[in-house]
Structures are given as C-alpha cells and as structure tokens.
C-alpha cells in the first residue's frame, strides 16, 4: 500500500509515536508563524521557557491583525514583538507589509516542510505542498523552544479533482462546494489531500484559497502536491531553488474519497451565520446588498484583485454600496500599480484599505444596522463583523465585484465583461519591511508597555472539581462567541484580567461577573465546541475566571488542545442525550480519581443524578492537565 503525500511528510518529521489511526504523534516543526493578535501571548510564554534562541529552521512574527493604533496599546505590543524577534532569532514583518498567510506563501513557504502557526488559517501554505497546521500560541511557543507538536494521527481524505473551472467561477467556489458537502465539522481530525488531473488547472494562489478555507471544515490541514505549477510560482518569487517535486504514491490508499468535477462548479455563497450554510448564487440572486468587502487571507492575492480590477474596469460601483479592498501584501499593491489596475479599483469607487486583515477580524468597516454585507472572507460568525444585526455572506471575488456594480447579489456568469488576467512572469520582490533578527541579541532589550501584564499562575489539577454550571450553550459555539475579536477587545490581548471581562459577552454580558462571583465553575456545550480561530485567549481568559471543565458533546481540535494547555478539563458526554440532563445554575461535583482510565462520572448534586463522561486524552495530555497546563508541564520537564 502506497502513501499519501501527507503521510510521506508526516513520516519524515515523526519524532514520537506511530502513524496509526487514533494514535498520538509528535512531529518536528520546521517553521513557525505568529500574528500580533496571538503572538504577544505566545512570546510571553516563550520567554518563560528560558530558551536563548528559537530552535526552528525559520520563525516569523507578522503584524497584520491589530494595526489600528487608537491608543498606545497596539503600538506598544508591536514594539514588544519587534524586540522579542530581534533577540530570539525571529524575522519580523512590520505593520502594513501584508497578511501573514499571503506573505508566508510568497516569501517563506517551502514544499515538504512543516509549519505551525498561531492562527487557524495557517493551512494556507498547504497550497504549496507543506504540512501547515494552526495551533494555540503556547503550542507554537513550545515548537520554537524545540518541542515536538503533538496531535492525533489524522485520517486522510482524498479530494480528487478533474476538469477545469468555468468562466467567472473560482477557487473560492471550490472550497464552498467542499463545505457544502462536509459542513463545519465534517473534517475534524482529518487532512484534506487534493489530487487528480484538475489540480494542474489551479494556480498556487487558487490552491491556497482552498487550503486556507479548508480550516472551516474542521480539518487539521489541507495539502496540494508540489508540481510544475508550484515550481513556476516559486521561480516567479525568485525562490525556485527551494522547490521539490512532491506527490502521493500512485497506489496511495485513503480513508475516504470525494470526487469534484471543477467543470461543474457554480458560483456559491455561505449564508449567515456559518461557512457551512452554503447555497447556489442563482438561488439567492437579486437580494439587495449594502456593503462589499474584498480581501482577507482567503482572497487577497494578486490573481484575485486583478479579477476584481478587470470587472470594475469601465464600470462604477452602485451608489448605494460601500466597497472596501484589503490587499494581501505590498507585492500585490506594487503589481496593481505597475499594471495600471489599481486605477480601475479607484475609479470604480472602491476604498483601498491597509494591507492587513482589517474587517475580516472585525477591525473596522462594521456594516450598518441590519445590513447585508458580501465578503470574500472565510468566516461569517454572528457579530464577527462588529454589527450583530448584520447578515454576512461569503462569496468569491467575482461574485463580490459583479454584485457591487449591480447593487444586489448577482451570478457573475450572467455578465459579458471582457476580462483579461495577465500574471507577471516574475514578481516584484521587496523584503525591506521584513526585519531579520539581530546579530547581537545580547544587546537587545525587551520593551514592554504598561498594558502587558504577567501571565496568570497555573496550579496543579485538583482531585475533585466543585461548582455550578455557569453557562449552557448549543452546537458550533465559536471562539468568537467565547472570546470576541474586534477593535475594542483585541488591544487587550496581552492583559488577561482586562480581556477576561469580555468572555461570552456575545451570549451573556454578565458571564464574567458571575464567574468571578461564583469563583469559577463549569460550561456545558453541544457539538463542535470552540470551532473557528486558534486564539488561546478563548481558553486562558475562562481559566482566569475559574472555569474548571467544559462538558460537551464534541470539541473542535485546536480549542480542545488550548483547554488542555491551560488546565481546563475537556469532558465528552458518553451518551449525547445526557446533554439534556444538565442545566445552567445546577451544582456539580466531578471526582477525577478515575480520570486516567478515560471515564469520569459527573455528580449532578441539584438533581441527585450521575452522568457518565469520557475523554480521549493520551497520557501526555493527562500529565499536562495534572500539572495545571502546558507551561508548568514544560518547566517540570
């Protein structure tokens, strides 16, 4: 039996465990990336590990999330990140240089390498043939310190592509089709590996769009082969020497297989409020819209913005529509200026924003009350845009641009605009906003602003957990529900006491006050608890409030790891029907004397009932929990 491409790379990097179903494995991490919303905490944790220099082949610190500087806090954190990078051997990408995933694909991604990033959309680099995985900041800090990254051996799903995309149908529609089939939890603990004759009809940026948004299926990562298309992309980026041909074996066997004919793909949209709520554009065509936002790490490449510019050429955006464009990098901007296509965007009436995440992370451009906003982003969770009453539709750049001209949702295939996409043979390479680490690290002083507070202390796990159910929630609770993003809250990311005041604010504005008053307690949840962002603040802030355990029907992978890393016990209902037996306000006792067996009994003292739960943690994860979290665990080692 042959190996898939993912299996080949994992085997080459395997340090601990066996590559078998449900086994825990530890792999060597070659590269790491952080961004400023999660990076500050990651580097505070890295400092506590007392390692003099990162032990990876390459680590990069990007500033792309919190670029609004409405007071000193973001600017101070950026200064801290720059000083840490200089001292510990990390490259630093300055604010305004671009979005981390777009930049990493352009300048650093290498076929066959492993990448761990403190951002859930790190799998973007799978478009170039990497095993690229999103994780919490503490896991990334550990990797920088030389620790393996541990996770369960994923199943490999083969997505076999054939055909080629029709006119004005793009890679965004391909990944929306995958989401239509798998929904937001259909690929949990799986790797999506793309093969087939249709692969050669997709450019690297198009592949990266697909691997980027594969995160929304719950997948560990997604990967394409490294072929001649990959070689051409790296050559255009003046990095051809890093190319390696990488393919699965011809007789590779997969755990499951999906067939997709690219020729049959139609324009699609994810409707509010889930990336998995997918419908055909022709089914919703004609809905009036108020705003269009183009960009994000999913759709801000040169290819995507050239398409938008060509659609806007000789056309004007509807008078009732506001359009914003967030380019992915300065390289993209330079090419649009050089080709004259930037003028098409401006003349049409688009607002050109900074090369940053911007509205995708709720950092500005919140829609008006009850607005309908078309966005080329990867998430449309309730309230993520900054306006809770707004309805966010996720679409392709082609659909977004044509709809902006018409003022309503429009199937782009119905227009007869002349569109000519001419990609450069060689990209403009200017890395002067990527600062290499210092040659004299001993002379670098770490600069901390007053908003950077010490990490909370983590105490060993108690034998018995007592408390009330502070909150009961349903299925698909996202990290945005738990720890909202946006311009108001993200500047507090290095101040856990301050940011903890906003935990579950979207669901229950009184939650943090009640949690502190009760001295902690428990959360009960349905399926796929913690989907979405890798932000570990959704675990560390609840830990600060005293949350001791989360009892759920199932967990999203990254968030489950983050809970363990910060000493919160993730328990799974042995019988999902028992979810109905626990209610908010009831008092529980959880004895952990049987924890190592994988089974834990919860005593509902209010109803005088027993409820059986399980966990799927290996001995290493149990030791981390018993230590009080990953940081004390590593220190104990």
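General remarks:
- Identity of the residue in the stretch 246-256, surrounded by fewer than 17 Cβ atoms within 10 Å (Cβ to Cβ) and over 27 Å from the mean Cα position of the chain (by Cα), that ends up nearest to residue 275 (Cα to Cα): 253
- When each of 164, 226 is tested for being over 17 Å from the mean Cα position of the chain (by Cα), under 30 Å from residue 557 (Cα atoms) and at pLDDT 95 or above, the lone residue that passes is 226.
- Filtered residue count, the stretch 53-74, keeping only those that are touching a residue at least 60 places away in the same chain (Cβ under 8 Å) and either surrounded by fewer than 21 Cβ atoms within 10 Å (Cβ to Cβ) or under 18 Å from residue 489 (Cβ atoms) (or both): 13
- Of all residues in the stretch 469-497, those being surrounded by 18 or more Cβ atoms within 10 Å (Cβ to Cβ), part of a helix (DSSP H, G or I) and modelled with pLDDT of 85 or more number 5.
- Among (1) in contact with a strand residue (DSSP E or B) (Cβ under 6 Å, 6 or more places away or on another chain); (2) at pLDDT below 95; (3) part of a helix (DSSP H, G or I), the one test that residue 138 misses: (1)
- Look at (1) surrounded by 15 or more Cβ atoms within 10 Å (Cβ to Cβ); (2) assigned to a loop (DSSP other than H, G, I, E, B) and you find that residue 420 fails only one, number (1).
- Condition check for residue 337 on (1) assigned to a helix (DSSP H, G or I); (2) without any contact (Cβ under 8 Å) to a residue 24 or more places away in the chain; (3) within 27 Å of the chain's Cα centre (by Cα): one failure, at (3).
- Against the numbered list (1) surrounded by 15 or more Cβ atoms within 10 Å (Cβ to Cβ); (2) touching a residue at least 24 places away in the same chain (Cβ under 8 Å); (3) in a helix (DSSP H, G or I), residue 466 comes up short only at (3).
Per-residue answers, yes or no, for (1) farther than 23 Å from residue 460 by Cβ; (2) in a strand (DSSP E or B); (3) not assigned by TED's automatic domain parsing to the domain that holds residue 215:
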position: 533; (1), (2), (3): yes, no, yes
position: 539; (1), (2), (3): no, no, yes
position: 549; (1), (2), (3): no, yes, yes
position: 558; (1), (2), (3): yes, no, yes
position: 564; (1), (2), (3): no, no, yes
position: 571; (1), (2), (3): no, yes, yes
position: 579; (1), (2), (3): yes, no, yes
position: 584; (1), (2), (3): yes, no, yes
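- If you check 341, 285 for being out of contact with any helix residue (DSSP H, G or I) (no Cβ under 8 Å at 6 or more places or on another chain) and surrounded by fewer than 24 Cβ atoms within 10 Å (Cβ to Cβ), only one passes: 285.
- When we screen 276, 286, 340 for residues that are over 20 Å from residue 424 (Cβ atoms) and out of contact with any strand residue (DSSP E or B) (no Cβ under 6 Å at 6 or more places or on another chain), the only hit is 276.
- Qualifying residue in the stretch 388-403 (condition: farther than 25 Å from residue 104 by Cβ and not assigned by TED's automatic domain parsing to the domain that holds residue 282): no
- Residues located in the stretch 395-420, provided they are at negative phi and over 29 Å from the mean Cα position of the chain (by Cα): 405, 406, 408, 413, 414, 415, 416, 417, 418, 419, 420
So that you can scan it fast, the table gives a plain yes or no per residue for (1) more than 22 Å from residue 249 (Cβ to Cβ); (2) in contact with a strand residue (DSSP E or B) (Cβ under 8 Å, 6 or more places away or on another chain); (3) without any contact (Cβ under 8 Å) to a residue 40 or more places away in the chain; (4) surrounded by fewer than 20 Cβ atoms within 10 Å (Cβ to Cβ):
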{"position": "146", "(1), (2), (3), (4)": "yes, no, no, yes"}
{"position": "155", "(1), (2), (3), (4)": "no, yes, no, yes"}
{"position": "158", "(1), (2), (3), (4)": "no, yes, no, no"}
{"position": "163", "(1), (2), (3), (4)": "yes, yes, no, yes"}
{"position": "174", "(1), (2), (3), (4)": "yes, yes, no, no"}
{"position": "190", "(1), (2), (3), (4)": "no, yes, no, no"}
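- In a residue-by-residue description of the stretch 10-22, the property of being touching a strand residue (DSSP E or B) at 6+ places or on another chain (Cβ under 7 Å), part of a helix (DSSP H, G or I) and either surrounded by fewer than 21 Cβ atoms within 10 Å (Cβ to Cβ) or assigned by TED's automatic domain parsing to the domain that holds residue 222 (or both) applies to at least one position.
The values are calculated or read from the model by the stated rules, or taken from the named source; none is laboratory data. In this text, all values refer to a predicted model and were calculated from it rather than measured experimentally. Cβ: placed from backbone, ideal geometry, glycine included. Neighbour counts: every protein chain shown.
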